[in-house]
Amino acid sequence: MGIDDFMTNLFTPIVQVAIIIGLAEVAKRMGLETRFIPLLDVTLGLIGGIMIYGITLGYGILRGAVIGIALGLEACGLFSGCKNLFS
């Protein structure tokens with residue numbers, strides 16, 4: 001496994017989830033109701049998955065969309081899990 005594979009398969013999804021969580025937190029502080037945060041997470045994940053995996057990395061739009069939805073769901077679960085742990 002070379003550095004390119006490492007970046008694509010491990011580092012890129014971790015960064016994407018962190019960005020989704022950060023953008024959702026910004027939206028929440030700007031007044032978005034908490035109940036809409038999971039929808040925002042999945043939407044941001046979908047857009048990011050299509051842009052990064054589907055177009056930039058050449059996985060195809062459908063595969064990028066599936067990866068993006070998974071990343072959005074991960075961000076939502078990670079956020080709520082941490083919130084429940086530290087609240």
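The values are calculated or read from the model by the stated rules, or taken from the named source; none is laboratory data. Only a predicted model underlies this, so the values are computations on that prediction, with no experimental measurement involved. Here Cβ is always computed from backbone atoms with ideal geometry, including for glycine, and neighbour counts include all displayed protein chains.
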>> Residue pairs, Cβ under 8 Å, 6 or more apart or interchain, first in segment 3-30 and free of Cβ contacts under 8 Å to residues at least 24 places away in the same chain, second exposed (fewer than 11 other Cβ atoms within 10 Å of the Cβ) and in a helix (DSSP H, G or I). List them.
In response: LYS28/THR34
> Conditions: (1) within 9 Å of the chain's Cα centre (by Cα); (2) within 25 Å of ASP4 (Cβ to Cβ). THR43 meets all but one. Number of the miss?
Replying inline: (2)
> Of (1) modelled with pLDDT under 95; (2) within 12 Å of the chain's Cα centre (by Cα), ALA65 satisfies all except one. Which?
Replying inline: (1)
>> If the requirement is being farther than 18 Å from GLY77 by Cα and in contact with a helix residue (DSSP H, G or I) (Cβ under 9 Å, 6 or more places away or on another chain), which of these qualifies: LEU46, LEU23, LEU62?
In response: LEU62
> Restricting attention to segment 49-73, which residues are of a type outside the set (S, T, N, Q), surrounded by fewer than 19 Cβ atoms within 10 Å (Cβ to Cβ) and part of a helix (DSSP H, G or I)?
Replying inline: MET51, ILE55, ILE61, LEU62, ARG63, ALA65, VAL66, ILE69, ALA70, LEU73
> Within segment 1-48, can you find the residues that are buried (at least 16 other Cβ atoms within 10 Å of the Cβ), of a type in the set (D, E, K, R) and modelled with pLDDT under 90?
Replying inline: none
